[in-house]
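Have a look at the structure below before the remarks.
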Amino acid sequence: MIKKKITVYGMTCEMCRTTIIRGLEEVNGIKWVSVNLPESIVEVEFDQDIITIDGIKKEITALGYDAM
């Protein structure tokens with residue numbers, strides 16, 4: 001397992017936080033998700049053999065947010 005922080009733009013409220021957490025928890029290979037709204041950071045723990053950081057960023061984009 002690996003932990004990474006991703007800067008995510010467009011998160012403005014608790015609903016955004018919930019959307020990202022629930023959306024990413026459904027993705028195969030993602031073990032844990034945390035969202036820091038004030039800092040615009042999503043931290044994920046994932047199995048790099050199943051999903052890449054780029055794959056996670058694509059999942060965040062599919063949820064309607066901009067992942068850097």
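Assessment of the range 13-25 against the conditions (acidic (Asp, Glu), assigned to a loop (DSSP other than H, G, I, E, B) and more than 16 Å from Met68 (Cα to Cα)) yields no matching residue. Within the range 43-58, the presence of at least one residue that is open to solvent by less than 20 Å² (accessible area, probe 1.4 Å), modelled with pLDDT of 95 or more and part of a strand (DSSP E or B) is confirmed. Within the range 25-42, the residues that satisfy the criterion of being closer than 15 Å to Lys3 by Cβ and open to solvent by less than 50 Å² (accessible area, probe 1.4 Å) are Gly29, Ile30, Val33, Ser34, Val35, Ile41, Val42. Screening Glu14 on (1) open to solvent by 90 Å² or more (accessible area, probe 1.4 Å); (2) within 10 Å of the chain's Cα centre (by Cα); (3) without any contact (Cβ under 8 Å) to a residue 24 or more places away in the chain shows it passes everything except condition (2). Considering (1) surrounded by 12 or more Cβ atoms within 10 Å (Cβ to Cβ); (2) under 11 Å from the mean Cα position of the chain (by Cα), the lone condition that Arg22 does not fulfil carries the number (1).
The values are calculated or read from the model by the stated rules, or taken from the named source; none is laboratory data. All values reported here derive from a predicted model rather than from experimental measurement. When we count neighbours, we look across all protein chains shown, and the Cβ atoms used for this are built from the backbone with ideal geometry, even at glycine. Please note that ligands, DNA and RNA were not included when accessible areas were found on the heavy atoms of the full protein model with its side chains. Shrake-Rupley method; radii C 1.70, N 1.55, O 1.52, S 1.80 Å.
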